[in-house]
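Written below as structure tokens is the structure these notes are about.
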Amino acid sequence: MTRFKFYTGVFCVTSATLMLQLVETRILSVILWYHLAFFAISMAMFGLTAGAVWVFLNRQRYTEKSLSYDLAYFSAAFAITTVLSLVLQMTLTLTIAISITGIIVWVLLAVFMSVPYFFSGVTISLALTRSPYPIGQVYGVDLFGAAVGCLGVLALLNHTDGPSAVIWVAAAAAAAALFFAGSGLGGAPAKNPPLASLLQRRGTILLVLVLLAVGNGLTPYGLQPLLVKDKIERRGPSLVEEWNSFSRVSVFLDSTKGEPQIWGASPKIPPGLAVDKRYMEIDGFASTTMYQFNGKVDEVSFLKYDVTNLAYFLPDRQRAAVIGVGGGRDLLSAWVFGLRDITGVEINPVFIKLLTAEPRFADYAGLHRLKTMRFVVDEARSWFARTKESFDIIQMTLTDTEAATGAGAFTLSENGLYTVEAFKIFLARLTPNGVLTVSRWYAPSQVNETGRIISLAAATLLDLGVKEPKNHIFVAAAQNMATMVLSRAPLAPGDIEALNQAAAYYQYRVLTSPASAPASEVLQGILTAKDRGQLEQNTAGLELDLKPPTDDRPFFFNQLPFYQPLKVYRLAVTKSPGGVMHGNMMAALTLLIILVVSLGLVVLTIILPLRPALKDVGAQLVVGGTAYFFLIGLGFMTVEIALLQRMSVFLGHPIYSLSVVLFSLILTTGLGSLISDRLPLDSRGKFALWAGLTGAYLMLLPFWLPKVLLAFDNADLLARGALCVAAITPAGLLMGFGFPTGMRLVSALDPNPTPWFWGINGAAGVLAAGLTVGVSLAFGISVALVAGGVCYPLLIPAALIIGFDGRKMAAGRR
């Protein structure tokens with residue numbers, strides 16, 4: 001039973017560590033933005049590495065003589081600091097502000113987030129290096145716990161809110177402390193560590209955390225963020241809040257009577273309109289409106305005055321599909337214009353539950369009474385790829401998906417709905433005269449911002465063999481909203497006349513039409529391109545990045561030309577950009593601040609403390625070993641982030657990508673590490689073969705993986721997840737050889753500097769997370785994958801500098 005308790009403690013700690021990491025990404029998506037998910041990953045690696053470094057620096061104190069005590073102590077510290085970290089994050093004024101104060105806030109956030117991982121790192125390091133049990137078994141339990149945590153977080157987030165989920169994670173760490181305390185490995189240390197009397201009350205800590213987790217989920221006044229996306233949270237008894245693995249949906253039961261929410265209002269909208277409505281917020285920012293509807297079309301006839309509904313003026317359209325149901329507004333729009341066969345496709349089941357099954361909202365919205373209206377809970381791209389149905393109108397109004405919640409392009413997030421590949425799927429589901437209508441924000445003074453969506457449409461048409469894309473596209477705008485109507489076939493003269501008449505009557509500005517010239521030379525260049533090559537040429541070198549987004553570069557919401565960094569710099573210092581550009585610039589500067597903060601923390605807490613480990617070590621080992629471990633840290637994290645981005649597009653949501661990719665990588669790299677003990681790379685030839693195979697597999701991924709993923713776009717989520725695991729498994733197994741092989745190489749010469757190399761590896765991983773985001777934005781995910789793959793052949797010269805001693809390496813394995 002003592003061994004069982006030890007292994008169960010290891011399982012609980014590693015599972016809690018991975019769940020905390022993933023829940024943190026969800027909370028950051030609410031408080032700030034999804035693209036900061038990489039920051040949670042980076043801080044987790046930083047804290048874990050710092051914990052391992054601390055164990056090395058205090059190696060004389062922490063031995064097997066007090067192992068159970070120490071493991072229980074640090075697991076309890078992990079549990080308590082997890083909650084304290086959450087409290088501090090909830091009260092911290094997190095905002096996107098470029099100032100000294102803003103930088104200090106980011107430093108504080110990094111420290112608060114990394115502290116629990118520090119104690120987890122200490123616990124895991126002690127369990128792996130001090131236990132009397134076979135290292136392979138301990139490592140196997142470690143990996144199993146981490147893998148279960150990656151998948152278990154989905155269930156956790158679907159049953160409780162984000163802050164309460166963190167408290168449950170802390171409870172799992174406290175349970176680990178109980179198991180470790182009963183594992184019977186050694187006794188108490190000669191001197192009690194700080195707060196020992198508190199941390200020894202393990203049963204009490206666990207009970208308090210369980211009660212706190214349960215209670216926090218039962219009240220709107222519990223531990224919740226105070227400031228969400230620069231706004232103070234309004235809470236009260238009438239607030240209904242639903243968290244799941246996709247998002248946080250907030251709505252107040254109070255009905256507000258006032259002007260309707262019109263995205264792009266016509267100047268002819270009757271003044272003084274007052275309607276009953278409820279506002280719903282997704283992750284604290286992206287809003288959708290639920291209107292009170294009792295079945296009378298006149299109640300919501302104001303929707304005819306919104307430019308987003310321009311496509312419904314086309315004659316003889318009967319079937320509509322809406323991507324992103326939200327509060328049901330677009331479904332009502334189709335109903336107002338006389339369509340009765342309406343399908344709403346929504347990835348988030350919370351909205352469908354509120355609209356159809358929750359009486360307080362379903363009766364208010366009234367959509368469940370419309371018997372010809374259908375709801376589908378699924379990721380839109382995958383559903384349209386699977387279905388055999390065809391539609392006259394497919395509408396996508398401000399549909400950002402939960403991956404890119406934000407104002408216009410205020411995000412650096414990948415998005416699978418706004419790519420050439422996705423638009424091909426949508427167009428394939430149209431009837432012969434059907435249209436896809438998409439509405440996006442834009443700044444009237446910067447009409448070229450609409451160029452991104454027009455470029456995307458033109459590229460899709462060119463790929464489908466269309467010679468004159470301009471004849472298939474109509475774009476009109478009102479206020480800060482532009483709506484595109486895109487047809488598979490050339491827009492018929494009657495359709496063009498209907499759209500022009502509607503635009504004239506409602507006083508919309510026509511930006512491009514088959515019957516008129518585009519509103520700018522940039523749009524003219526996009527629409528007159530004869531092939532993809534000319535389109536790329538016409539969109540290159542512009543002030544904005546208007547290149548058509550693809551699955552490889554799926555950053556539709558970013559229009560900063562990161563592939564021209566000097567131009568971005570000039571934009572930052574010489575202009576005061578508005579519209580979409582302002583959000584992009586703020587997000588880019590935030591990314592830069594995070595990289596600088598990460599670098600500073602790495603230097604202060606990892607690099608400098610470990611420098612004494614290099615004392616009396618030969619220059620050849622220092623140079624070769626440092627290069628080796630820097631390269632595997634850089635390569636592994638670059639590949640991990642690139643796969644997270646690519647699989648997010650394929651799986652339809654970042655939480656699926658985080659869970660599946662991390663599960664696969666953790667499990668397979670761990671297995672690769674264990675296999676390396678049986679199949680050692682103990683000669684130059686074996687090592688060169690491994691490095692070449694690893695680099696080749698990773699660098700070849702961009703040439704075949706996209707085609708395979710596209711072929712399985714119509715598969716269900718389970719099949720797509722299994723395909724991700726299958727594609728990642730060879731990469732994980734091969735990369736798993738890197739770290740243990742490097743440790744054997746340097747240990748065969750001198751074991752003293754191994755902590756330095758461990759720290760270098762972690763430091764490289766911390767910095768690579770943010771750098772990879774920048775590379776993908778600028779050049780595409782494929783380039784990031786190739787860059788990660790290149791690191792592995794470069795290990796060959798680094799390993800040759802270190803040198804091979806097969807006999808000592810074999811002795812080290814024993």
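The values are calculated or read from the model by the stated rules, or taken from the named source; none is laboratory data. These numbers come from a predicted model, not from an experiment. Every residue, glycine among them, receives a Cβ derived from its backbone with ideal geometry; neighbour counts consider all protein chains shown. Ligands, DNA and RNA are excluded from the accessible area calculation, which covers all protein heavy atoms including side chains. Shrake-Rupley method; radii C 1.70, N 1.55, O 1.52, S 1.80 Å.
Which links in LYS231/LYS353; LYS424/LYS530; LYS231/LYS567; LYS353/LYS424; LYS467/LYS547 stretch past 23 Å when you go from one Cα to the other?
Over 23 Å Cα-Cα: LYS231/LYS353; LYS231/LYS567; LYS353/LYS424.
Using only Cα atoms and rounding to the nearest 10 degrees, what angle (0 to 90) does helix 2-31 make with the longest principal axis of the chain?
Orientation of helix 2-31: about 30 degrees from the principal axis.
If you rank ILE124, ILE394 by how much accessible surface each has, with a 1.4 Å probe, what is the order from largest down?
ILE124, ILE394
To the nearest 10 degrees, how steep is helix 619-651 against the longest Cα principal axis of the chain, on a 0 to 90 scale?
With rounding to tens, the tilt is 30 degrees.
What is the percent carbon and sulfur in the accessible area of region 405-539, measuring with a 1.4 Å probe over the protein chains and ignoring ligands?
Carbon with sulfur: 51 percent of the solvent-accessible area.
Give me the one-decimal nm value for the distance between modelled label points at LEU207 and GLN60, 7 Å along each residue's Cα-to-Cβ direction.
Output for this residue pair reads 4.1 nm.
Give me the accessible area per residue for region 119-158, probe 1.4 Å, as a whole number in Å².
34
Please compute the Cα-Cα pair-distance distribution of region 444-598 with 5 Å bins starting at 0, giving whole percents from short to long.
Reading the bins upward from 0: 1, 9, 17, 19, 19, 14, 10, 6, 3, 1, 1, 0.
What fraction of the Cα pairs in region 171-289, stated in percent, has a spacing above 18 angstrom?
For region 171-289, the fraction of Cα-Cα distances above 18 Å is 70 percent.
Using label points projected 7 Å from each Cα along Cα→Cβ, tell me how many nm separate ASP316 and LEU693, to one decimal.
6.2
Rounded to the nearest 5, what is the percent of antiparallel bridges among the DSSP beta bridges in the chain?
Counting DSSP beta bridges with both partners in the chain, the antiparallel share is about 65 percent.
Would you mind counting up the charge near LYS257? Only other residues with Cβ under 13 Å from its Cβ, with Lys and Arg at +1 and Asp and Glu at -1.
Surrounding charge for LYS257 is -2.
Classify region 226-292: rounded, prolate or oblate, from the alpha-carbon gyration tensor (a ≥ b ≥ c, eigenvalue square roots; a/c under 1.5 rounded; otherwise prolate if a/b is larger than b/c)?
It comes out prolate by the Cα gyration axes.
Against the longest alpha carbon principal axis of the chain, how many degrees, from 0 to 90 and to the nearest 10, is the axis of helix 100-130 turned?
Helix 100-130 and the main axis of the chain meet at about 50 degrees.
Kindly report the accessible area of region 246-372 per residue (heavy atoms of protein chains, probe 1.4 Å, no ligands, DNA or RNA), in Å².
35
Could you check how much of the accessible area of region 59-194 is carbon and sulfur, as a whole percent, using a 1.4 Å probe?
Accessible surface attributable to carbon and sulfur in region 59-194 totals 70 percent.
Would you calculate the separation in nanometres between label points at LEU800 and ARG369, each defined as 7 Å from the Cα along the Cα-to-beta-carbon direction?
Between LEU800 and ARG369, the simple spin-label model gives 7.9 nm.
Which of the aspartates and glutamates could a cross-linker span from LYS268 if the Cα-Cα distance has to be under 13 Å and same-chain partners fewer than 8 positions apart are dropped?
ASP306
Provide the net charge surrounding ALA385, with neighbours chosen by a C-beta distance below 15 Å and charges set as Lys +1, Arg +1, Asp -1, Glu -1.
That works out to 0.
Ratio to report: Rg/Rh of region 5-143, with Cα atoms as the point set and Rh obtained by the Kirkwood method; give two decimals.
Rg/Rh: 1.03.
Could you tally the net charge around ASP316, taking each other residue with its Cβ under 10 Å from the Cβ of ASP316, Lys/Arg +1 and Asp/Glu -1?
Local net charge: -1.
In nm, what is the difference between 0.36 nm times the number of residues separating GLN501 and VAL148 and their Cα-Cα distance?
Extending this stretch completely gives an extra 121.2 nm.
Can you list the lysines whose alpha carbon sits under 20 Å from that of LYS257, skipping same-chain ones fewer than 8 residues off?
LYS277, LYS296, LYS304
With runs of 4+ DSSP H residues as the only contributors, calculate the mean residue ellipticity of the chain at 222 nm using -39,500 (n - 2.57) per run, divided by the residue total and rounded to the nearest 500.
Helix contribution divided over all residues of the chain: -18500 deg cm²/dmol.
So, R0 is 22 Å and r is the distance between the beta-carbons of ALA540 and VAL790; what FRET efficiency does that work out to, to 0.05?
In this case the efficiency is close to 0.30.
Multiplying the sequence separation of ASP463 and VAL617 by 0.36 nm and subtracting their Cα-Cα distance, what value in nm do you get?
So the chain would gain 49.5 nm between ASP463 and VAL617.
Within region 422-505, report the trypsin sites (Lys or Arg not before Pro) that DSSP leaves as loop and that have at most 13 other Cβ atoms within 10 Å.
LYS467
Starting from the Cα-Cα distance between ARG684 and ASN294, subtract it from 0.36 nm times their residue separation and give me the gain in nm to one decimal.
Full extension of this stretch gives 132.7 nm more.
Report the paramagnetic label zone for ILE100: residues of region 587-605 whose backbone N is under 18 Å from a point 7 Å from Cα along the Cα-to-Cβ axis.
What the label zone holds, given the 18 Å backbone N cut-off, is 593, 597.
Report the per residue volume, in Å³, of the convex hull enclosing the C-alpha atoms of the chain.
Per residue, the Cα convex hull of the chain comes to 158 Å³.
Ignoring ligands, DNA and RNA, please state the percent of accessible area on region 694-814 from carbon and sulfur, probe 1.4 Å.
73
With the other protein chains left in place, how much accessible area per residue, in square angstrom, belongs to region 692-809 at a 1.4 angstrom probe?
On a per-residue basis, region 692-809 sits at 36 Å².
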